Amino acid sequence: MNRRTFLDSIVLGLPGIALQQLMAGGRVTPHHTPKAKRILQIFCPGGASHLDLWDYKPALEKHHGKPMPGAEKEVSFQGANGNLMKSPFRFLRRGQSGKYLTEMLPHLGAHADKMGFIHSMTSRTNTHGPACVMMNTGYVFEGFPSAGAWVSYALGSDNDNLPAYVSIPDVRGIPPSGPANWTAGFLPAEHQGIAFNAAEPIQNLQRPAAIHQKEDDDTRDFLRALNRRHAARHEGNTDLTARVAAYELAARMQLSAPEVSDLAKEPTSIHNLYGTKDNNPLIAAYARNCLLARRLLERNVRYVQLYCASRASGVDGLLNWDAHKTLEADYQRHCPILDKPTAGLITDMESRGMLQDTLIVWTTEFGRMPTHQEGTLGRDHNPDAFTVWMLGAGVKGGSSYGATDEFGRRSIENISTVHDVWATVLHLMGLDHEKLTWYHNGLNRRLTDVHGHVVRDILT
């Protein structure tokens, strides 16, 4: 080796070592022993109604059609409200815990004894876009890192051939505020979620047939050398470093991503369990996304975000859970899509022993009013009361925390926030939410802002 080659190797080698460390993750040493190694977040955009799914209110049945005491002239997001409206669906006791859940989720109800419910959730906004961003990032305004990005930053990847953070949009489209729900914000760009689903795999991964494998390998090696030399000359440019890391990850994903997305390898029994071939194309599409989620988690993707429904459309409640006008018909459409595939995913993960170290978190952005929207048979937005549930690693099954008032209008007992949810999730991942920070614009920012407490009542 001559002098020029030796010096060139140093220039290329040291950034390569740094990049390798960057890709390897492990940035934050866990603050305590974790219960969970990976997270599945299931998000139902549109403001899924706690009153018609999870939070049984006998008073609504008793006082159906009567004005809500003290709120006869209340105006909410879309205007005036009418009288109290009972759920159009029955609530049934499920499991040994006897938890009341809607009859519209019979398959999910079978897992009631595994779930830990937070019934006293609140949000800071009653508008879909900001509320979705609030649920996913802890802030109403866009530009802050999502929970998945924080987990990726803190713990890094557990599989060098797949992203640490994957977001799976619904086949019907992306949620309100779109990529702001899986952004890296001010964290290094490499920690943003990689968005793809079973219907639309990651694009541009396949090598063109006209290019030989060795030519492709040699080209990548040459580009890698140029990129690392350029990165060494522009230290601190995280966008540049993230781009290099993304290209190198994409090269490795040419082999791993097609394999993980190949659902045909799964036996017929698994496809039947999820419902991937259901006659309803929306059930089948979401079921395939659920199966993709399990395959990603099984291969140690750190954080998977799975959407069931998309952004609002010109017709309320058509593409998501935003049932302003015809709640009964809307939920007769949406509940079966969520029910069997999600229950199948839980059953499948349990049979594989994955629930021992995987945390599942079901979320939506806010709840609905106990009254009907004036002139309709739907419910308006309600940021003062909704439900979140968790299941899996470290969660006390069959437990409930907090409560809303007798009509489900407001959270009144152990009032909880988005920050409490993420403080609890990070705790299960072995992280103290107050210590997981990033210095930005003069402040040590964190996922939970300056708030949040761990909801220990639903933990083992």
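Quick note: the coordinates plus some simple rules give every number you see, no bench work behind them. A quick note: this is a predicted structure, and the numbers were derived from the prediction, not measured. Neighbour counts run over all protein chains shown; Cβ positions are idealised from the backbone, glycine included.
Quick look at the values:
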| item | result |
| --- | --- |
| 3J(HN,Hα) from dihedral phi, segment 140-152, Karplus parametrisation 6.51/-1.76/1.60, rounded to Hz, x for glycine, proline | 6, 8, 6, x, 9, x, 6, 4, x, 5, 4, 5, 4 |
| Residue 185 long-range amide H proximity, modeled H, under 5 Å | 146 |
| Amide H contacts of residue 306 (H built 1.01 Å from N, under 5 Å, at least 5 apart or other chain) | 41, 42, 43, 168 |
| Order of 120, 399 - criterion: other Cβ atoms within 10 Å of each residue's Cβ, fewest first | 399, 120 |
| Tilt relative to the chain, helix 213-233 - C-alpha long axis, 0 to 90 degrees, to 10 | 90 degrees |
| From phi via Karplus (6.51, -1.76, 1.60), per-residue ³J(HN,Hα) for segment 170-185 in Hz, x at Gly/Pro | 5, 5, 7, x, 7, x, x, 6, x, x, 4, 7, 10, 6, 8, x |
| Kirkwood estimate for the chain, i.e. one over the average of 1/r between Cα atoms, Å | 23.1 Å |
| Percent of beta bridges antiparallel (DSSP, the chain, rounded to nearest 5) | 55 percent |
| Burial ordering of 386, 186, fewest other beta-carbon atoms within 10 Å first | 186, 386 |
| Exposure proxy order (Cβ contacts within 10 Å, fewest to most) of 128, 32, 50 | 32, 128, 50 |
| Size of charge dipole - the chain - debye, nearest 20, with Cβ of Lys, Arg +1 and Asp, Glu -1, no other charges | 560 debye |
| For segment 351-368, Karplus couplings with θ = phi - 60° (6.51, -1.76, 1.60), whole Hz, Gly/Pro x | 5, 8, x, 6, 6, 5, 9, 10, 9, 10, 10, 9, 9, 8, 8, 6, x, 10 |
| Gap separating the Cα centres of segment 225-241 and segment 319-375, nearest whole Å | 44 Å |
| Efficiency of FRET between residue 240 and residue 444 - r from beta-carbon atoms, R0 22 angstrom, step 0.05 | 0.35 |
| Relative contact order for the chain, counting Cα pairs under 8 Å that sit 6 or more residues apart, in percent | 29 percent |
| Helical contribution to [θ] at 222 nm, DSSP H n ≥ 4, -39,500 (n - 2.57), averaged over the chain, rounded to 500 | -11000 deg cm²/dmol |
| Cut-off under 5 Å, modelled amide H: who pairs with residue 368 long-range | 50, 51, 382 |
| Positive minus negative residues near residue 376 (Lys, Arg vs Asp, Glu; Cβ under 13 Å) | -3 |
